[in-house]
Amino acid sequence: MGLGISILLLGLWTPEDQKRNLGYAVILALGMILAGSFLLDGSRPLYAFGRMFVLDEFALFFKRFFMVAALIVLVLSMSSARQLAGGIAEYYAFVLFALAGMMFAASVNHFALLFVSLELITVTFYVLTGYRCHRVRSLEAGIKYLIMGGLSSAFLVYGMALVYGTSGVLGFDALHDQMAALGSSRVFLAGLILILVGIAFKIAVVPFQMWTPDVYQGSPTPTAAFLAVGSKAAGFAVLLRLLFFAVPEITLKWKLGWLAVSVLTILYGSLGAIPQRNLSRLMGYSSIAHAGFLMLGLATVSQAGVAAMLFYLGAYLFSVLAVFTVLSLVMEEADVQDVDALAALNRRSPLLAMTLAVAMASLAGVPLLAGFFGKFLVIKAVVSQFPASPYYAAAMWAAGLGILASMYFYFGVIQAAFWGKPIPETDNQTIALAPPVRCAIYVCLAGMVFFGLFPGWLMHWAQQAAGICPWR
Amino acid sequence: MSPLTYILGIPLVAAVALLFVPPTQRVTVRALAVLATFITMVFAVKLFLQFHAGAAGFQFEQEWTWVRALDIRYHVGVDGINIGLILMGALVAFAAACVSWDIRDREKEFYILLLLMTGGILGAFASLDLFFFYCFHELALVPTFIMIGVWGRGENKNYATFQIILYLSLGALVSLIGLLMLYLQAGAQSFDLVAIAAHLKQHPLPVAAQRTIFPLLLFGFGILVSLWPFHSWAPLGYSAAPTATAMLHAGVIKKFGLYGLIRIALPLMPQGAQAWVSVLAWLCLGNILYCGLVAMRQGDLNRLLGNASVAHMGFVFLGIASLNLIGLTGAVVVMVAHGLLAALTFGLSGYLYQQTRTLELGALGGLLRPMPFFGAVLVMAMLAGCGVPGFGNFVGETLVFFGAWKPFPLPTILAAWGALIIGAVFMLRAIRTMMHGPLPPAWAGLLDVKSLWRKLPFAVLLAALLGLGCFPGLLTDKIQPSAQEILKNATETAPGIPALRSR
């Protein structure tokens with residue numbers, strides 16, 4: 001937070017042409033904070049603000065996750081500085097504010113903090129999505145996100161009111177203690193459902209996912225990247241905390257509900273992406289499909305499932321950021337968002353083409369990349385639940401259909417990049433890569449390949465963090 | 001370091017090394033790729049000769065723990081079943097690298113992808129861990145897609161490449177679910193095959209579980225091997241693919257599913273196998289008869305070879321379905337022989353395509369006159385495909401028929417008819433139309449395979465086929481003890497016919 005405000009202030013005094021370089025300062029500072037986080041040990045949970053804020057393995061995992069995401073998004077925004085003419089220093093500051101909201105979201109232990117953190121993220125994104133206010137598309141995306149955000153906040157607050165009314169407490173610990181009494185109260189369950197609806201808007205699962213493709217299409221690319229990775233992960237962090245810390249027994253009872261939502265989301269996202277020609281919309285639909293996979297991991301209601309979700313998120317982070325980096329560089333040149341803009345990419349920049357291919361392969365689930373191992377863990381968790389209920393087998397087949405459909409459009413992007421027919425707007429100039437962007441690309445590539453070939457570390461962290469789930 | 005690690009590692013390391021070679025250094029790129037596959041081939045031959053037939057367990061093993069939490073290990077080893085396959089894979093990979101001299105555009109990417117495919121499939125054959133077994137095979141997926149899309153032929157290569165990718169992914173997904181269910185049901189807490197097998201000896205899988213998991217593996221792997229009726233991707237894909245890709249795919253990668261059935265499904269789920277082999281025996285007739293008949297009607301050489309290749313897979317399925325020693329040995333021999341044969345025929349058709357730009361049988365004719373070497377090799381390859389003695393295919397097919405006669409007499413009769421009559425019809429018809437008869441003036445100036453370098457890949461594959469046909473004991477002596485081991489569990493109710501006489 002402090003960093004964000006200081007950047008805002010610094011921006012006042014920096015001359016126009018130097019503002020972009022403020023980004024270096026921010027990245028450096030953020031990098032130091034990230035390094036510092038590795039000195040913290042989360043094995044014994046620490047509490048603050050009257051047990052509202054908890055710092056444990058789960059929180060640390062997500063905090064590091066958000067910081068890595070923000071670092072790469074900042075690099076992306078530095079390279080797109082020309083388009084963010086509204087004020088690049090302010091853009092950095094807003095990214096930092098959103099990051100602060102996400103860091104709080106990782107540590108929620110109380111409904112008030114949940115609301116505050118989600119609101120901080122949402123409000124910041126209102127501005128970030130509509131940042132290119134000279135373009136109608138961006139304004140439209142901003143308005144859509146505003147309406148969606150407002151709606152989700154309304155659901156959240158109403159649900160929290162009902163929960164408070166029936167239980168008298170807002171803290172997750174206290175709520176957990178009252179579970180036995182409250183589990184059958186209809187009003188309480190209704191309140192819980194409303195809260196879940198509010199969170200579901202954030203993570204874009206069916207039936208609250210309609211806004212995603214439009215907003216991704218309209219927002220500036222760094223914002224879309226941060227939305228796809230940060231905002232979604234923040235929603236899941238909050239969801240996991242709520243479901244497994246506060247109301248674990250209810251989570252177990254509603255297994256079929258989670259299964260149904262996940263299957264519908266996977267199918268909607270995968271099948272909806274097939275006809276897309278606009279790259280940002282395609283990534284929007286794909287992010288819906290991935291949210292569905294994460295929900296599938298949730299639906300197993302087991303530690304293995306939660307660990308799988310966390311690993312999947314880690315792989316997703318690098319893959320999606322890699323894709324958005326490439327997209328922002330390519331689309332910036334031609335100002336075209338169509339898939340054909342990728343044509344002849346491997347002549348214009350072999351590095352970008354290879355990164356895109358690796359990232360698409362990772363998202364599709366091609367082995368020896370991080371994305372595959374994430375999917376593998378989720379599938380394994382689901383298969384291990386087969387004896388528990390036949391619906392898991394049905395969900396597995398639906399997920400399989402989703403995987404195949406998603407392969408079609410992911411490989412379609414690879415096809416466009418490697419042997420697509422060029423359109424006149426894309427000239428065959430080589431794309432120049434500034435050093436920070438090159439660095440970001442290497443980091444994403446390294447992440448995908450390293451965690452694919454040597455998943456042990458990420459698995460270890462994920463399993464440590466998955467300790468919040470009480471069932472194996 | 002086990003030689004197996006070198007065999008699968010050298011192509012992968014070479015692929016990474018090629019990333020750093022500038023694309024303008026064409027000679028270096030080609031030389032590196034050919035050298036890498038040559039060294040792999042040498043190691044594979046050495047391994048084959050050093051292998052002790054009949055020794056218990058696996059040889060040349062190497063084991064590294066990879067993910068401790070799930071007990072996934074990098075565990076490679078050979079026994080009689082996969083030693084032949086690894087040798088065949090290395091030979092085909094070398095031939096494929098040599099044959100690709102016609103790729104003039106973006107050779108660097110082409111050879112990187114080729115080496116990735118090679119490393120992947122050799123790793124899959126050598127792997128003794130379920131996870132790596134699956135992963136190494138999937139390593140071939142993206143290279144196939146890009147190779148067919150960029151360097152493929154025909155107007156519908158895009159359709160062909162998407163079809164092949166999606167179909168193979170479907171098969172892979174079904175088999176992944178089967179493998180995961182096996183892992184979870186076995187209860188050994190490990191993905192390592194040896195560990196699972198040892199655990200299952202003490203606590204065999206319940207029959208109901210076997211009957212559920214075996215068909216998943218059967219159909220999952222079956223789709224990967226173009227089991228009828230899931231075979232339509234193969235002829236289209238192979239005719240659209242560049243030569244080297246078709247050689248590797250039809251020759252080597254297709255055997256992965258069969259190897260999976262023999263290595264994983266048969267020994268670990270014997271009662272499941274016994275319940276399903278009758279279905280398999282009748283389905284394989286679909287391969288042999290249906291695809292054979294389709295091949296008879298093909299006017300394009302590559303489509304004909306693609307359908308023929310699918311038809312030959314039927315013999316392997318029949319051998320597996322027989323569940324006895326002779327049948328299973330024959331199945332493995334057919335796998336090795338067919339790998340060499342498919343690579344040889346696709347390599348030859350690729351050579352022809354470069355010059356004539358068409359593979360329509362109707363447009364070709366009398367080619368033995370301008371191209372004697374090429375013609376001779378092609379005639380020998382086609383005869384091998386018919387099952388003529390002297391080539392490895394004869395050995396394998398005969399063993400399969402003898403083995404499958406006892407449990408499935410009627411399918412065996414139909415399969416023999418399919419092999420001899422239908423196979424002969426389409427192979428000999430192709431020879432007559434292409435090689436003999438009047439020579440159209442357009443093809444009078446065709447160049448034969450002249451230089452040693454160009455002759456080498458074909459010579460290597462042909463020599464291997466002849467060697468396997470004339471001295472089959474070299475391979476069957478190695479296969480037999482391992483096949484016996486695999487069938488020990490499955491043959492409680494169906495005792496095997498006495499062992500083959502060794503020389």
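Residues that are within 14 Å of another protein chain (Cβ to nearest Cβ), of a type in the set (A, V, I, L, M) and touching a residue at least 24 places away in the same chain (Cβ under 8 Å) were ranked within the range B:68-98; the one that is farthest from B:L32 (Cα to Cα) is B:L70.
Scanning the range B:127-172 for residues that are out of contact with any Lys or Arg (no Cβ under 7 Å at 6 or more places or on another chain), over 16 Å from B:A240 (Cα atoms) and outside any helix (DSSP H, G or I) yields a total of 4.
Would the range A:36-55 turn up any residue that is in a helix (DSSP H, G or I), surrounded by fewer than 24 Cβ atoms within 10 Å (Cβ to Cβ) and modelled with pLDDT of 80 or more?
We begin by selecting, within the range A:36-55, every residue in a helix (DSSP H, G or I); these are A:36-37.
Narrowing the set further to residues that are surrounded by fewer than 24 Cβ atoms within 10 Å (Cβ to Cβ) leaves A:36-37.
Restricting the remaining residues to those that are modelled with pLDDT of 80 or more gives none.
No, the range A:36-55 has no match at all.
The helices (runs of 4 or more DSSP H) found entirely in the range A:256-365 that carry 3 or more residues being among the hydrophobic types (A, V, I, L, M, F, W, C) and at pLDDT 85 or above are A:279-299, A:303-334, A:350-364. For B:A295, the conditions (1) outside any helix (DSSP H, G or I); (2) surrounded by 22 or more Cβ atoms within 10 Å (Cβ to Cβ); (3) more than 18 Å from the chain's Cα centre (by Cα) all hold with the exception of (1).
Taking the criterion of being among the hydroxyl-bearing types (S, T, Y) and out of contact with any Leu (no Cβ under 7 Å at 6 or more places or on another chain), the only residue of the range A:393-422 that qualifies is A:S406.
Any chance the range B:163-172 includes a residue that's of a type outside the set (G, A, S) and on the phi > 0 side of the Ramachandran plot? So far as the range B:163-172 goes, no, none of its residues is of a type outside the set (G, A, S) and on the phi > 0 side of the Ramachandran plot. Only one of (1) within 10 Å of another protein chain (Cβ to nearest Cβ); (2) touching a strand residue (DSSP E or B) at 6+ places or on another chain (Cβ under 8 Å) is not met by B:F133, so which one is it? Here B:F133 clears every test but (1). Being within 12 Å of another protein chain (Cβ to nearest Cβ), surrounded by 21 or more Cβ atoms within 10 Å (Cβ to Cβ) and closer than 25 Å to B:A331 by Cα is the filter here, so list the residues in the range B:180-222 that pass it. Hits for the range B:180-222 are B:L182, B:I213, B:G220. Looking across A:A224, A:A190, A:A180, one residue alone is farther than 22 Å from A:N278 by Cα, among the aliphatic types (A, V, I, L, M) and at pLDDT 85 or above. It is A:A190. Filtering B:A281, B:A240, B:A198, B:A244 for residues that are over 21 Å from B:G84 (Cβ atoms), of a type in the set (G, A, S) and without any contact (Cβ under 8 Å) to a residue 40 or more places away in the chain leaves a single hit, B:A198.
Only one residue in B:L141, B:L173 is within 13 Å of chain A (Cβ to nearest Cβ) and modelled with pLDDT under 90. Which one? Give the steps one after another, and end with the answer.
On the way: B:L173 fails: modelled with pLDDT under 90.
Result: B:L141 is the single residue among B:L141, B:L173 that is within 13 Å of chain A (Cβ to nearest Cβ) and modelled with pLDDT under 90.
Please go through the range B:149-161 and give me each residue that is within 10 Å of chain A (Cβ to nearest Cβ) and buried (at least 21 other Cβ atoms within 10 Å of the Cβ), ordered by number.
First pass over the range B:149-161, keeping only residues within 10 Å of chain A (Cβ to nearest Cβ): B:149-152, B:157-158, B:161.
Correct list: B:G149, B:W151, B:G152, B:K157, B:T161.
For the range A:366-386, taking the residues that are in contact (Cβ under 8 Å) with a residue 24 or more places away in the chain and part of a loop (DSSP other than H, G, I, E, B), the one that is nearest to the other protein chains (Cβ to nearest Cβ) is identified as A:P367.
The values are calculated or read from the model by the stated rules, or taken from the named source; none is laboratory data. Computed from a prediction, not measured in an experiment: that's the story for all the values here. Ideal geometry is used to build each Cβ from the backbone, glycine not excepted, and the neighbour counts take in all protein chains shown.
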